[in-house]
Amino acid sequence: MNDGYCFSARATAPGSSRYYAVRMAPANLRNHVALIFEWQWELQSIYYRGTDPGVALTKLQWYRDELSRALNGQTQHPLLILLAEAANSFQLPPQAFIEMADAVEMEIRGVIPKDISALKDYGQLGSGNLLQLVTRICGGNEQELMCSRQLGAYIRLIEIIKNVGQDFQLGGCFLPLDIMKQHEIQPTQLAKPENEKALQATLIKLAVVAKEWNISIHNELLDNKYPALIPALALAASHNSLLSKLERTNFSVLTQHTSLIPLQKLWVSWRMYRQYR
C-alpha cells in the first residue's frame, strides 16, 4: 500500500479516540483502517467548516463523483487512490462510502431526526457504515459486521449529545423532534436560559437510550472471540466513558467542551482489546 498520504494530524491524530481504535487493529491493517476514518473526516469537515449550504453540497457531490472515478482508476486525488486500492483489496462495498456522504448531506441540509428510530437510521448511515467498513477490513463475520453498524449508531448518538453547542452555532440540531416536543423545546431555542432544564432533560433521555443500545449490542456478543470487532469496540468504549463524563457535568454542552484525556482513551481501548482479542 502507498503510504504517501499523511493522516497523522487529521482523522486519526495521536491522542484521539480514533488513533487508539486504529492501534487496536492488526499492524498490517492499520493504514487501511485509517483510510476509512480519513474518508469520513473529509466528508464531515465540509459540514463543520460552516460554509454556505449550496457550496457545501457542491463539494460533497464532488467527493461522490471523485469516488466513482477512483473506483474506475480515473482519479488523481491521493486519498481516493488509496481508498480505491483498499476497496479492491478487501472487497469493500462502494455503497457504504456513498451512504456516509448521504449522512453528511443530511447534516448540511439541516435534517432533524423525527424520532429515535430515525436517529438510529441516520447514525447507521454515517458512523455505522464507517465501523462496518473497518470491521470488514479486519475480516469480520456477519455477526461482527451487524454489531459494528449498531456500534456506529451508538457512537454517533453520544457525539450528538457532546456537540449540541457546536452544532447549534452552525445552525444545526440533531436531537429527535419527538423528545424535544415532550420537553417543550424548539431546535432554534436550545440556548435560551429558560430552556436549560428542558435541554438537560432531553439529553438525559438520550443518554438512557444510548445505554440501552449499548447493552443490547453487548448482549449479542455471547463470547469474547470477536477480534475483527476490536477497533469498533475500542472506539465505543471511549465514547461510553465520554458519556459518563458528560453525565457528571450535567450535560453542560452549550457552555463547555467535554472530552477524555489520551490516557483514559488508551486505558479503555486496551481493556477492550484484552477482552475481545
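Figures for the structure shown
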read-out	value
Residue tally, condition polar (S, T, N, Q) and in contact (Cβ under 8 Å) with a residue 60 or more places away in the chain, over the stretch 170-222	2
Which numbered condition S269 fails, given (1) of a type in the set (S, T, N, Q); (2) surrounded by fewer than 20 Cβ atoms within 10 Å (Cβ to Cβ); (3) more than 21 Å from N163 (Cα to Cα)	(2)
Residues being out of contact with any helix residue (DSSP H, G or I) (no Cβ under 8 Å at 6 or more places or on another chain) and within 22 Å of N240 (Cβ to Cβ) - total across the stretch 20-40	0
Checklist (1) farther than 28 Å from T12 by Cβ; (2) at pLDDT below 95; (3) hydroxyl-bearing (S, T, Y) applied to Y276, failing item	(1)
Verdict on R18 being within 20 Å of the chain's Cα centre (by Cα), in a helix (DSSP H, G or I) and within 23 Å of S148 (Cβ to Cβ)	yes
Residue that is surrounded by the fewest Cβ atoms within 10 Å (Cβ to Cβ) [pool: residues in the stretch 46-64 that are aromatic (F, W, Y) and within 19 Å of A11 (Cα to Cα)]	Y48
Qualifying residue in the stretch 52-74 (condition: free of Cβ contacts under 8 Å to residues at least 24 places away in the same chain, acidic (D, E) and within 30 Å of V164 (Cα to Cα))	yes
Residues satisfying the stated conditions in the stretch 104-134, i.e. within 22 Å of V55 (Cβ to Cβ) and in contact (Cβ under 8 Å) with a residue 24 or more places away in the chain	V104, E105, E107, I108, R109, G110, I112, G126
Members of the stretch 224-266 that are more than 28 Å from E196 (Cβ to Cβ), surrounded by fewer than 21 Cβ atoms within 10 Å (Cβ to Cβ) and among the hydrophobic types (A, V, I, L, M, F, W, C)	L263, L266
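The values are calculated or read from the model by the stated rules, or taken from the named source; none is laboratory data. Just so it is clear, the model here is predicted, and its values are computed rather than measured. Cβ: placed from backbone, ideal geometry, glycine included. Neighbour counts: every protein chain shown.
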